[in-house]
1. Counting only residues that are assigned to a loop (DSSP other than H, G, I, E, B) and of a type in the set (A, V, I, L, M), how many does segment 168-206 have?
2. Considering only segment 137-148, I want to know if a residue exists there that is among the β-branched types (Val, Ile, Thr), part of a helix (DSSP H, G or I) and at pLDDT 85 or above.
3. Could you look through segment 90-102, keep only residues that are surrounded by 17 or more Cβ atoms within 10 Å (Cβ to Cβ) and in contact (Cβ under 8 Å) with a residue 60 or more places away in the chain, and pick out the one that is nearest to residue 113 (Cα to Cα)?
4. Going by what's in this entry, would residue 188 be described as crowded, with 21+ Cβ neighbours inside 10 Å and modelled with pLDDT under 95?
5. Restricting attention to segment 114-133, and to residues there that are in a loop (DSSP other than H, G, I, E, B) and touching a helix residue (DSSP H, G or I) at 6+ places or on another chain (Cβ under 9 Å), which single residue is farthest from residue 167 (Cα to Cα)?
6. Considering each residue of segment 82-108, count those that are over 15 Å from residue 198 (Cα atoms) and either more than 36 Å from the chain's Cα centre (by Cα) or in a loop (DSSP other than H, G, I, E, B) (or both), and give that number.
Amino acid sequence: MAKLHCSRHEQISAQIAQNLILKDQHALDSSNMRCAMKNKYGTGQSKTTGLILVLGIAVVAGVIISQKSTNEQVAKETHAKAIASLEIALEHANSIIHKNAEENQVTTGKADITINSIPVSLVNGFLKASRSSLENGLNIAYNAKQSIYSAASNWSMDVLDVQGNVPGQVKIYASNAPKNCYLIYTEAGTLGSPKRPSESIVNSGC
C-alpha cells in the first residue's frame, strides 16, 4: 500500500482537530459529572428539607398536646380547690346559723329564722338541705344580700331523692365541672334523731 505523505501544514491542522475533539469530550464528561453531582446533592437536600419539616410538625404537635394537658390539669386543680373552699364556707355558714338558732331556741325540729334580713330554713338548728336555704346561708356567711349578690350563683344544686326516714341531701357542683367532682351536703339528722350536718366531697373527677 502506498504511503500518504501529508504536508507540514496538513499535519498541524490534523493535530488541532484532534485536540478540539479531546477538548469537547472532556467538556462533555465534566458536564455529565456536574449533572450527576447536582442530582445527587439535590435529592439529598430535598430529603433533608422534608425531614426538617416533619420534625417541625412533630415539635409543634407536641407543644400543643403538652399545653392541652397542662390546661386540663390546671382546670382540675381549680375545681378541686373550689369544692374544698365550698366545704369550709358551708361549715362557717352553719356555725353562724346554729348560734342564731340557739339564741332563738330552735335547735330541734324544723324552723325558719331571719338573719340580716335573709330568711333561712333550718332542720335541728342547722341549714336545711334545699337550694334556697343553702344559698341564703352562704350569703349570710359572706355577709351578702341576695338582691345584690348570691354567694352560690356559680354553683348548681340538686336535691337528692332520699327514701324513708333519712336526712335530706343536696348535691352541689359547678356547672362546668367534670362528672365526679361535687359535694354532698347532708342536713342535721332527722326530726327524731338530731345530729350535726355533714359535707362529703367526691373529687375523683376533679
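1. Residues in segment 168-206 being assigned to a loop (DSSP other than H, G, I, E, B) and of a type in the set (A, V, I, L, M): 3 in total.
2. yes
3. Once the filter is applied, the top-ranked residue is 94.
4. Considered against the rule, which asks whether it is crowded, with 21+ Cβ neighbours inside 10 Å and modelled with pLDDT under 95, residue 188 comes out as no.
5. Here the residue is 116.
6. Looking only at that region, the number is 11.
The values are calculated or read from the model by the stated rules, or taken from the named source; none is laboratory data. Quick caveat: nothing in here was measured; it's all calculated off a predicted structure. Please note: Cβ atoms are built from the backbone with ideal geometry, for glycine as well, and neighbour counts cover all protein chains shown.
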